[in-house]
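Heads up, the thing below is written out as structure tokens.
Throughout, read-outs are computed from the coordinates displayed, never taken from laboratory work. Everything quoted here is computed from the prediction, not taken from an experiment. Here the Cβ positions follow ideal geometry from the backbone for every residue, glycine too, while neighbour counts run over all protein chains shown.
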Amino acid sequence: MLDWIRESTQGWVAKLILALIIVPFALFGIDSYFSHRASDDTIAIVNGSKISRTAFEDAIKEQRAILAASMGANFDPHVFDEPQIRISILNGMIKQRLLLEAAHHEGLIVSKAQLASFIASIPAFQENNQFSVNRYQQMLQQQGMTVPGFEQRAQQEILIDVMRSPFSRSAVASEVAARQVLADMTQRREISQYEISPTAYLAQLTITPQQIKTYYDKHKADYTIPAQGRFQYAVLSLNDVEQHISIPSVEIKHYYDQNLSKFSEPEERKARHILVAVPAGASAQQRKDAKQRADRLYQQAIAHPAAFAELAKRNSDDKGSANQGGDLGWFARTAMVKPFADAVFGMQKNQIAGPVSTDYGYHIIQLTGIKPAHVRPLTEVAGQITQELQKQQALKQFADVAERFSNQVFEQSQSLQPVADALHLPLQTSPWISMAGGAGGILNSPKMLQALFSSDVLKNKRNTDAIEVSPNTLVSARLLDYKPAYIQSLNAVSASIMQQLKLQQARVMAQKQGLALLDQLKAGKEPAAVHWSAFVWVSRDHLQTIDPALVTGIFSANAKKLPAYFGATSASGNYILVRITQVMPGPAPDAAQFKAVQTQMANTEAEQAFSDYISGLSTKAKIEIKDIPFGKLVQ
């Protein structure tokens, strides 16, 4: 994760950094690697180090923020109400404690210099590629974090990285194993198929009323329409708070003056070039020959400046730009290697310079355009600044507003109108929804649904508590109308039961027919009923449209005697016969493919070894779980 943070530089990735660094991670000292909030609600104890319920819920919120930032509109916040997800998060916290304790026993420490270097390398904390203390503090404040708190987490994450590194360095995948994996992945098999559909047997089947009733009596619960309700609800989000924050023009101007670098665009230049490439490790003679060729091209370019583009098309070794006449487009100084950039940013427009030596070879350069550096005017960025300041203030105010929201829906529990009026929130109405959710939209959170169908809401007609359904989003709701659960009548469901029973029997018949045909094929007979599809070649890395149920059989079938046959039932219930007629080795892997597979295998081995090490720590540790009905932890 640390390398990923260092490499992230812009766009949504840079925004995501602040979410990622919130996970279990100071220039201000650390009293204990196992610090925890003072709390009586301990949910786990790891060798005497307590994990509080508050810390656990904070970890869930932080992980939820990470997923929300990475998935955007596709994010489903309710996934974090699933027991297996919560188990995984608590497991991670326990494992982190074990690793940090092991690091402590090994005498490992992170120096202030190491920590400062790591933090300075995070692009989110930089301005103009330089670490900015102001930006660092500002970004942490926006995330509701303190500098000491973040630095403690960063130090812990560095220690965990140090603990993992020996396993990464020692893992090596053998060439034999890597070649076997590649051979298995790329081996090609020629197959054809014959599919037996259950629908072909449906017309032959008759289902009696007694069969339908017997099935209905045994499965009545399957035909229950659950209780449903319509609810009025109010939503408080960070955006609601932002909308009611007014930013004075003097504050906008002050922010602009203090952050001019954010609104500055560096000088850019546009150029063409002709590259005479020099390969890595070239001999002195090769470099001399390349230089002489570059000198000749430079003289030609000087003699005919207007024909520079044509000269580049015919002669440049940079195939990416040669087709465009050597045009490199607009670029800043930092976008190019230093010798090239120094030359370009020291030229006059239309000037031709060269040969310029870089690690790539020799360049003849023609400067075709200059865009001076400039600062975007305040009028152009005032809206952007306003939004930024609104968000900053909203983050500071949200906790207080959320507390008012929570208190009011509880204290005035017979209506949502008071809180709506006080905080200027619209009241909304849900469609009919059940405990299973469905069309409930923002009310679909398991916690929300549990509250909606509680006796306090259904019988006592009270507001639900304020429930956090996603980061910085609270909802409270109350019942408007209610339909109790009921079981559908036999008449209402008899038609669907009849179709279901027919399909079940038809699938059995299709499989029976398929197995009979398979026995004949394996005995060397070719049944007239079997009409094979066209031959296709498949491999594990190129399965085309092969049904997933067939994959294992295709590649595990004994290919010593061909044709080989097997059968399988697909997810749709069809029985599929497969004939394998040829087996061919895949193409020889190139060096890059081989290296990628070997690296992946080594990484997998390293992660397994590291996991085994953690399992060893947990076996020796004293771990106590309190009041968490989630099942087994630390696996």
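How would the chain be classified by its alpha-carbon gyration tensor: rounded, prolate or oblate, with rounded meaning a/c under 1.5 and the a/b versus b/c comparison settling the rest? Verdict is oblate for the chain. Among the listed pairs 391/447; 213/483; 61/620; 291/313; 253/396; 61/447, those whose Cα-Cα separation exceeds 25 Å are 391/447; 213/483; 61/620.
Residues 257, 222 in ascending order of nearby Cβ atoms (within 10 Å, fewest first): 257, 222. Give the relative contact order (percent, whole number) for the range 406-477; include only Cα pairs under 8 Å separated by 6+ residues. Across the range 406-477, relative contact order equals 31 percent. With a simple spin-label model that places each label point 7 Å from the Cα along the Cα-to-Cβ direction, the separation between residue 113 and residue 165 comes to 1.5 nm. Amide H contacts under 5 Å for residue 566: 578, restricted to partners 5 or more places along the chain or on a different chain, H placed in the peptide plane at 1.01 Å from N. Could you pull out which residues in the range 540-571 have an amide N less than 14 Å from a spot 7 Å beyond the Cα of residue 600, following the Cα-Cβ vector? So the set is 540-543.
Residues 66, 109 in ascending order of nearby Cβ atoms (within 10 Å, fewest first): 109, 66. For residue 257 and residue 422, the difference between the fully extended length at 0.36 nm per residue and the C-alpha to C-alpha distance is 55.8 nm.
Residue 622 sits among other residues whose Cβ lies under 13 Å from its own Cβ, and their net charge, with Lys and Arg +1 and Asp and Glu -1, is +1. By other beta-carbon atoms within 10 Å, ranking 541, 161, 217 with the fewest at the front produces 217, 541, 161. Each part gets one Cα centre, and for the range 324-344 versus the range 239-312 those centres are 4 Å apart. Full extension of the segment from residue 533 to residue 607, taken as 0.36 nm per residue of separation minus the current Cα-Cα distance, would add 22.3 nm. Straight-line cross-link reach from residue 626 at under 15 Å between alpha-carbon atoms covers these aspartates and glutamates, not counting any fewer than eight positions away in the same chain: 40, 41, 57. Measuring nothing but how far apart in sequence close Cα pairs (under 8 Å, 6+ apart) lie, relative to its length, the range 267-372 scores a relative contact order of 44 percent. Remark: the residue 359-residue 523 segment gains 52.3 nm on full extension, using 0.36 nm per residue and subtracting the alpha carbon distance.
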